[in-house]
1. For the range 15-56, enumerate the residues that are charged (D, E, K, R) and under 28 Å from residue 70 (Cβ atoms).
2. Just the residues that are within 13 Å of residue 49 (Cα to Cα) and without any contact (Cβ under 8 Å) to a residue 40 or more places away in the chain, please, taken from the range 93-112.
3. Report the residue count in the range 123-157 for those that are at pLDDT 55 or above, surrounded by 11 or more Cβ atoms within 10 Å (Cβ to Cβ) and closer than 15 Å to residue 67 by Cβ.
4. So in the range 78-105, with the set limited to residues that are among the hydrophobic types (A, V, I, L, M, F, W, C) and over 24 Å from residue 120 (Cα atoms), which one is modelled with the lowest pLDDT?
5. Among the residues of the range 48-60, is any touching an Asp or Glu at 6+ places or on another chain (Cβ under 8 Å) and not hydroxyl-bearing (Ser, Thr, Tyr)?
6. Is there a residue in the range 87-95 that is crowded, with 22+ Cβ neighbours inside 10 Å and under 15 Å from the mean Cα position of the chain (by Cα)?
7. Quick one: in the range 3-58, which of the residues that are of a type in the set (A, V, I, L, M), within 17 Å of residue 75 (Cβ to Cβ) and in contact with a helix residue (DSSP H, G or I) (Cβ under 7 Å, 6 or more places away or on another chain) is surrounded by the most Cβ atoms within 10 Å (Cβ to Cβ)?
8. Taking residue 84 as the residue in question, decide whether it is among the hydrophobic types (A, V, I, L, M, F, W, C), surrounded by 18 or more Cβ atoms within 10 Å (Cβ to Cβ) and out of contact with any Pro (no Cβ under 6 Å at 6 or more places or on another chain).
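The values are calculated or read from the model by the stated rules, or taken from the named source; none is laboratory data. Because the structure is predicted, anything quoted here is derived from the model rather than measured. We place every Cβ from the backbone using ideal geometry, glycine too, and count neighbours over all the protein chains shown.
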Amino acid sequence: MYMKADGCSRAAIKRWAKGYSAAAGVCLITAAVYELFSHGVYSAYMLGAWTLPALCVVFLLTAVKSFDPLPGNALLQLQACGAATLTAGSLMKGVLDIYGTTNSLTVFYPLAGGLLTFLFAVFYGLGLGASRRKQSSAVLSPEEETNIIEKKEERAI
């Protein structure tokens, strides 16, 4: 579950951001169409469902510019599950609000989505710390090791 030492490539992160942008657009269009046929009944949950994937886009684009190392694929999938759960819960609650009914199971969407998002943050934080420690230690390529050995041998002679 921890990120790879090198994280994802910046291009892969941008692809994830494009996917979240598409999801935000679909949610926005769905909310607009659903509200159009709702006979004047509106739901903040339905109208706000697009903001969750949009916040993921902001995070990922910030990560590309600011964070090093980047999150790995497993962590991005964990974040995607959290965002999808929160978005689906928001859409479901919005549909039920517009329909004029309630359901006790809608309580579990924010709990599950929040837990997944929290786990993403914890694992990313742990992975980020481990990667920094790993980067701070001297990890040399085989060529660099050979050069150091040759220099030591020259000094010994």
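1. First, the residues of the range 15-56 that are charged (D, E, K, R): 15, 18, 35.
Scanning the range 15-56 gives 15, 18.
2. Quick first cut of the range 93-112, residues within 13 Å of residue 49 (Cα to Cα) only: 93-95, 109-110.
Hits for the range 93-112 are 109, 110.
3. Here the count works out to 5.
4. Initial filter on the range 78-105 (among the hydrophobic types (A, V, I, L, M, F, W, C)): 78, 80-81, 83-84, 86, 88, 91-92, 95-96, 98, 105.
Of the ones still in play, those that are also over 24 Å from residue 120 (Cα atoms) are 95-96, 98.
Details: 95: 87, 96: 89, 98: 83.
For the range 78-105, the residue satisfying everything is 98.
5. no
6. yes
7. Checking each candidate, the answer is 3.
8. On the way: among the hydrophobic types (A, V, I, L, M, F, W, C): yes; surrounded by 18 or more Cβ atoms within 10 Å (Cβ to Cβ): no; out of contact with any Pro (no Cβ under 6 Å at 6 or more places or on another chain): yes.
No, not satisfied.
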